[in-house]
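In what follows, a single structure is set out as structure tokens and then discussed.
The values are calculated or read from the model by the stated rules, or taken from the named source; none is laboratory data. Bear in mind that the values here come from a model prediction, so they are computed numbers and not experimental data. Backbone-built Cβ (ideal geometry, glycine too); neighbour counts: all protein chains shown.
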Amino acid sequence: MEEKPVRLCEECEQRQTITPSHRLCSECMRLKRKTLASRGTGKKVKVSKDRPEKMQPRPDLEVIINFKLYPDLFAQIRALSEEEMRPLEVQILYVLKTHLQAERGSNAVV
Ligand SMILES: [Zn+2]
């Protein structure tokens, strides 16, 4: 009969470690990770102050488009996106951009 290697947690010395190669039990690991995480966020705040807010989420730049009243328009855009192998939202942006560019161009001529 082979004996399973059992190792007691070095922190609490009561519970068994997660694996024999670990020093701590799952409970102490969790506690340690918690304290590390809270320490980590403290540092992160300082770092984000140095950096520009490029990676910040911008909900004000997000639009949900409802095509309920324009199913034909939706079908057209979707067909285009499949034809040009773009994701639908990229296709919408692309159409918008080219449309605005064309409009700007025609305004410049007039
Ligand atoms: Zn422990």
Taking the residues in region 1-19 that are surrounded by 14 or more Cβ atoms within 10 Å (Cβ to Cβ) and β-branched (V, I, T) as candidates, determine which candidate is modelled with the lowest pLDDT. I18
Residues located in region 83-96, provided they are charged (D, E, K, R) and modelled with pLDDT under 95: E84, R86, E89
Among the numbered criteria (1) exposed (fewer than 10 other Cβ atoms within 10 Å of the Cβ); (2) at pLDDT 95 or above, which single criterion is violated by A79? (1)
Within the set of pairs 6+ apart or on separate chains, which have a first residue in region 17-37 that is part of a loop (DSSP other than H, G, I, E, B), a second that is at pLDDT below 85, and C-beta atoms under 8 Å apart? P20/P5; P20/V6
How many residues does region 61-110 contain that are in a helix (DSSP H, G or I) and on the phi > 0 side of the Ramachandran plot? 0
